[in-house]
Amino acid sequence: MTSQLPQKVAGKEPILEGNTEFLFQATRRIMACDFQVTLDAEFHPAGPETAMAALDIVDQLEAELSVYRESSQVSQLNQQAAQEPMTVDSTLFQLLEQCLELWKQTDGAFDITSTPLSRAWGFYRREGRMPRSEEVEHARRSVGSQWIKLEKQNHTVHFDNPQLEINLGSIGKGYALDRCAAWLAADVGDFIIHGGYSSILARGNRQTTGTGQDGWQIAVRHPLKPRQRLIELTLKDCAAGTSGSANQFFYHDGKRYSHLLDPRTGWPAEEILSVTVLCPTAAEADALATAFFVMGIEQTKSYVAEHPHLRAVLVCPGRRAGATDLYLVGLAPGSWKLLDDSVNLIDHGTASTDDDL
């Protein structure tokens with residue numbers, strides 16, 4: 001357990017704002033990052049014990065979902081589902097159903113089968129490299145969620161492509177936070193939890209602030225300048241998921257290539273530096289942060305306009321060297337505060353519903 005939030009975080013990460021002196025925080029290293037539950041034990045006496053049990057759930061989920069564990073259900077699918085239909089438990093089946101629905105809704109921008117592309121670009125082992133165009137095309141032939149076949153009655157999964165494999169890394173942390181929140185809610189009404197700071201879920205209010213404000217405040221930092229805080233957001237009964245290109249990238253012939261690949265083309269997405277999505281569940285926030293990074297500014301604005309439960313913050317390269325453009329899509333007045341006047345606030349819309357997001 002820790003007594004306060006770490007003071008240094010990666011540039012793409014939202015962070016909890018304000019003094020944390022009187023908050024109880026339980027932290028555990030899971031899914032290659034720190035998962036942390038924050039609450040006020042004075043108002044929720046059962047909170048600490050419940051928080052530790054919630055982190056046990058994340059441990060269990062890692063054992064079930066990680067591609068880095070040979071015994072996990074996901075690893076077993078990757079080994080066997082192309083040969084014959086494989087039965088999985090109901091929770092994994094429902095998560096795969098959600099992944100396929102998001103794949104359809106985003107026209108393939110979110111795709112849990114893109115691992116072959118990450119290998120071709122060297123990002124699977126965090127060693128970025130410039131692949132030959134034929135390598136990219138070969139990898140693309142093994143990518144596509146249309147080859148995942150789900151049979152609901154018996155909860156079976158079958159892969160129609162023998163080279164297909166799935167990886168839930170783009171939605172897994174958010175899904176784990178949703179499961180944690182469901183457990184915590186039995187005893188605790190006010191808390192904020194995160195997985196590696198890039199996936200955050202908040203319920204109720206921060207009791208110790210003394211400000212009278214609803215919800216919890218987080219900040220979004222510049223994805224390339226970690227000390228630069230761009231905007232403060234208020235979360236209440238919602239989640240925030242962030243995707244950015246700060247941590248994995250390489251340069252080739254003077255051009256920067258990030259690890260966030262468009263599964264439809266096989267090439268890195270280039271228009272956006274980071275995306276933060278706000279919505280009711282952390283799983284959807286995580287998945288759509290990845291999808292919006294790939295989709296770009298205009299497609300993201302159109303998608304949010306068609307789904308009024310969503311909000312988005314896009315950090316983009318400015319039109320002049322060294323400048324930063326900030327797009328606020330669907331955020332309600334009073335739910336955000338600009339922290340850096342040097343950025344160009346290009347666009348912001350007013351949310352028509354769900355204003356507590």
Give the range 278-334 a look and list any residue that's among the aromatic types (F, W, Y) and farther than 24 Å from R229 by Cα, or say none.
Y303
Of all strands (runs of 3 or more DSSP E) fully inside the range 177-249, the set with 3 or more residues that are in contact with a Phe, Trp or Tyr (Cβ under 8 Å, 6 or more places away or on another chain) and aromatic (F, W, Y) is none
Which residues, counting only those in the range 121-149, are touching a strand residue (DSSP E or B) at 6+ places or on another chain (Cβ under 7 Å) and of a type outside the set (D, E, K, R)?
W121, G128, M130, W147, I148
Quick check: anything in the range 29-51 among the hydroxyl-bearing types (S, T, Y), more than 20 Å from the chain's Cα centre (by Cα) and at pLDDT below 85?
no
Answer residue from the range 57-78, given it is polar (S, T, N, Q) and in contact (Cβ under 8 Å) with a residue 24 or more places away in the chain and is surrounded by the most Cβ atoms within 10 Å (Cβ to Cβ) among those:
S66
Residue identified as under 17 Å from W121 (Cα atoms), modelled with pLDDT of 95 or more and polar (S, T, N, Q) among N167, N161
N167
If S258 meets every condition in (1) modelled with pLDDT of 95 or more; (2) polar (S, T, N, Q); (3) under 20 Å from G108 (Cα atoms) apart from one, which number is that one?
(1)
Selection count, the range 306-342, where residues are over 18 Å from L233 (Cβ atoms), among the hydrophobic types (A, V, I, L, M, F, W, C) and within 20 Å of the chain's Cα centre (by Cα)
0
Scanning the range 191-219 for residues that are surrounded by fewer than 24 Cβ atoms within 10 Å (Cβ to Cβ), among the charged types (D, E, K, R) and modelled with pLDDT under 95 gives D214
Taking the stated definitions as given, is I166 assigned to a strand (DSSP E or B) and of a type outside the set (D, E, K, R)?
no
Among the residues of the range 251-261, the number that are farther than 22 Å from W147 by Cβ, assigned to a strand (DSSP E or B) and of a type outside the set (S, T, N, Q) is 5
Could you list, in sequence order, all residues of the range 119-145 that are exposed (fewer than 15 other Cβ atoms within 10 Å of the Cβ), touching a residue at least 40 places away in the same chain (Cβ under 8 Å) and either among the polar types (S, T, N, Q) or not in a loop (DSSP other than H, G, I, E, B) (or both)?
E137
Could you look through the range 231-250, keep only residues that are modelled with pLDDT of 90 or more and surrounded by fewer than 22 Cβ atoms within 10 Å (Cβ to Cβ), and pick out the one that is nearest to G318 (Cα to Cα)?
E232
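Every residue, every condition in (1) buried (at least 21 other Cβ atoms within 10 Å of the Cβ); (2) of a type in the set (S, T, N, Q); (3) farther than 30 Å from Q36 by Cβ, yes or no:
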{"position": "F93", "(1), (2), (3)": "no, no, no"}
{"position": "E101", "(1), (2), (3)": "no, no, no"}
{"position": "D107", "(1), (2), (3)": "no, no, yes"}
{"position": "L117", "(1), (2), (3)": "yes, no, yes"}
{"position": "Y175", "(1), (2), (3)": "yes, no, no"}
Need pairs with beta-carbon distance below 9 Å; first residue on the phi > 0 side of the Ramachandran plot and within the range 221-237, second surrounded by fewer than 18 Cβ atoms within 10 Å (Cβ to Cβ) and modelled with pLDDT under 90; sequence gap 6+ or separate chains.
D237/D356
Those residues of the range 262-293 that are part of a loop (DSSP other than H, G, I, E, B), of a type in the set (F, W, Y) and buried (at least 24 other Cβ atoms within 10 Å of the Cβ) come to a total of 0
Which members of the range 303-348 meet the condition of being surrounded by fewer than 12 Cβ atoms within 10 Å (Cβ to Cβ) and polar (S, T, N, Q)?
S342
Specify which of the listed residues (M86, M31) is at positive phi, in contact (Cβ under 8 Å) with a residue 12 or more places away in the chain, surrounded by 15 or more Cβ atoms within 10 Å (Cβ to Cβ) and aliphatic (A, V, I, L, M).
M31
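The values are calculated or read from the model by the stated rules, or taken from the named source; none is laboratory data. Owing to the predicted nature of the structure, the values given are computational and were not obtained by experimental measurement. Cβ coordinates were reconstructed from backbone atoms using ideal geometry, including for glycine residues, and neighbour counts include every protein chain displayed.
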